[in-house]
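Below: the structure, in structure tokens.
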Amino acid sequence: MRNPVRFGLIGLGWRGEMYLRVASLLPHLFKPVGVVVRNQNKSREAVTRLGLTLYETPQELARQCDFLVAAVSKAVMPVLLTQLADTDIFVLAETPPAFNEAWFRQMSVVASKESRIQVAEQYPLQPHHAARTRLIRSGAVGLVKHVQVSAAHQYHGIALIRRWLDISDERCRITAHRFEYPVLEVPYRGRSVKDRLESELHDIALLSFESGKSAVYDFTRSQYFSPLRQNRVLIRGSHGEIRDNEVTYSLGDGAYSVYSIHRIQDGIEGSLAPSSLRELRGGSEVLYSNRFYPASLSDEELAIAEVLFQMSEYVITGKAFYSLSEALIDVRLSFAIESAIISGMPTF
């Protein structure tokens with residue numbers, strides 16, 4: 001068993017603290033060693049509380065660890081990545097790597113270099129999404145040429161679409177619309193709510209790829225926080241389909257079968273064990289096995305842990321798992337959706 005991978009953190013917002021929580025529950029795998037923040041006086045109390053060492057620069061911190069996790073604001077991220085691209089530092093960057101066209105062009109230049117940057121796109125690594133990916137790649141539903149994804153916003157949703165359609169970087173025609181609807185006030189990171197109406201934006205886009213594959217992107221942001229808005233996924237293949245957690249597939253000669261993806265989890269009903277996902281199964285087949293069991297982690301935290309694990313593998317082997325170039329494809333398509341919404345015209 002190898003020693004825990006040592007990582008440093010740049011930024012100490014709510015997202016950065018999620019990495020620290022995951023590491024605290026998996027100390028045999030991950031060890032945070034320090035942090036770099038812009039305002040040291042403001043953050044000194046939090047740094048002490050978290051048991052971290054405060055460093056002046058990313059370069060100084062990088063000498064003490066295997067890689068850096070950049071968890072800074074979207075406005076700071078492209079500046080930071082530009083600065084680190086010419087170093088030999090391994091960097092795991094939170095999303096998005098670019099938030100406008102100017103920074104997209106700059107990040108494209110960075111991506112063309114031999115930098116050691118990977119991007120922390122966690123959504124395809126969440127257990128149910130990973131199980132769906134495994135089903136697709138097993139050939140259980142045949143050739144997949146259409147998906148509908150209402151599970152994540154912008155580049156996150158596009159990352160799922162491209163993974164399930166097995167699309168790299170190809171020409172795409174996009175039509176999109178935005179609607180505004182009333183919804184009961186949405187709970188947001190612990191704030192209290194009352195039964196009053198507020199407005200939410202609902203984006204729908206149709207993506208038609210050059211290969212003949214297609215996708216529907218459908219998202220409203222309250223899906224992240226409100227129990228009144230549920231995620232929906234439809235993956236259509238030539239020999240079956242996956243609808244949320246229900247799988248229909250052909251048995252041949254006109255026969256078919258249906259089964260559900262279900263969770264095998266501790267801490268439910270009479271279980272006295274901590275709440276922890278063991279695996280996802282479809283019938284007798286294991287579709288997702290939790291390598292971090294029995295740590296008590298949410299699905300989002302499991303995905304973050306998997307990002308950290310894959311980053312540690314990248315440091316050792318050099319095998320990329322979600323490069324800056326890959327991330328920029330998803331960002332570019334999300335920009336194209338926004339452009340189609342604003343202009344009312346298709347984008348290509």
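Quick notes
- FRET efficiency for Lys145 and Val183, using Cβ-Cβ distance with R0 set to 41 Å, rounded to 0.05: 0.80
- Qualifying GluC sites (Glu not before Pro) in region 184-214, where qualification requires a DSSP coil assignment and no more than 14 other C-beta atoms within 10 Å, comprise Glu210.
- Placing dummy labels 7 Å off each Cα toward the beta-carbon, the span from Arg21 to Ile342 is 3.4 nm.
- Rg over Rh [alpha-carbon atoms, Kirkwood Rh] for region 75-205: 1.03
- Gained length - Thr57 relative to Ser199, 0.36 nm times residue gap less alpha-carbon distance: 46.9 nm
- Crossing angle, helix 154-165 versus the chain [Cα axis fit, 0-90 degrees, rounded to tens]: 50 degrees
- With all pairs of different C-alpha atoms in the average, the Kirkwood value for the hydrodynamic radius of the chain is 21.8 Å.
- In degrees, nearest ten, helix 101-111 long axis to first principal axis of the chain (Cα): 70 degrees
- Size of region 173-284 as Cα extents on the principal axes (Å, biggest first): 54, 52, 21
- Phe209, Phe99, Phe348, Phe309, reordered so the largest accessible area comes first (probe 1.4 Å): Phe348, Phe99, Phe309, Phe209
- DSSP beta bridge pairing in the chain, given as percent antiparallel to the nearest 5: 70 percent
- For His262, net neighbour charge (Lys/Arg +1, Asp/Glu -1) across residues whose Cβ lies under 13 Å away: -1
- Debye, to nearest 20: dipole size of region 59-123, +1 on Lys, Arg Cβ, -1 on Asp, Glu Cβ: 120 debye
- Within a straight-line Cα-Cα reach of under 30 Å, Lys113 can be paired with the following lysines, leaving aside sequence neighbours fewer than 8 residues apart in one chain: Lys31, Lys74, Lys319.
- Built amide H within the under 5 Å cut-off of Val5, gap 5+: Phe30, Lys31
- The listed residues Asp203, Asp169, once ranked by accessible area (1.4 Å probe) with the largest placed first, stand as Asp169, Asp203.
- Ranked from largest to smallest solvent-accessible area, with a 1.4 Å probe on the protein heavy atoms, Trp103, Trp164, Trp14 come out as Trp14, Trp103, Trp164.
- Note that region 65-191 presents 42 Å² accessible area per residue, ligands and nucleic acids not counted, probe 1.4 Å.
- With at most 12 other Cβ atoms within 10 Å, longest stretch of the chain clear of loop trypsin sites (Lys or Arg not before Pro) (DSSP): 197-290
- Structure-based [θ]222 nm, the chain - -39500 (n - 2.57) summed over DSSP H runs of at least 4, per residue, nearest 500: -9500 deg cm²/dmol
- Each of Val47, Gln64, Val109 was placed along the dipole of region 45-134 (beta-carbon charges, centred on the mean Cα), and the one lying farthest toward the positive end is Val109.
- Protein accessible area in the chain, 1.4 Å probe - carbon and sulfur %: 50 percent
- Shape summary of region 1-152, radius of gyration then Dmax from alpha carbon positions: 17.8, 57 Å.
- Kirkwood hydrodynamic radius (C-alpha pairs) into Stokes-Einstein, region 267-348, 4 °C and 1.567 mPa s, D in µm²/s: 79 µm²/s
- Tilt relative to the chain, helix 14-25 - C-alpha long axis, 0 to 90 degrees, to 10: 90 degrees
The values are calculated or read from the model by the stated rules, or taken from the named source; none is laboratory data. As the structure is a computational prediction, the values presented were derived from the model and not from experiment. Cβ coordinates were reconstructed from backbone atoms using ideal geometry, including for glycine residues, and neighbour counts include every protein chain displayed. We work out accessible area using only protein heavy atoms, side chains counted, and drop any ligands, DNA or RNA first. Shrake-Rupley method; radii C 1.70, N 1.55, O 1.52, S 1.80 Å.
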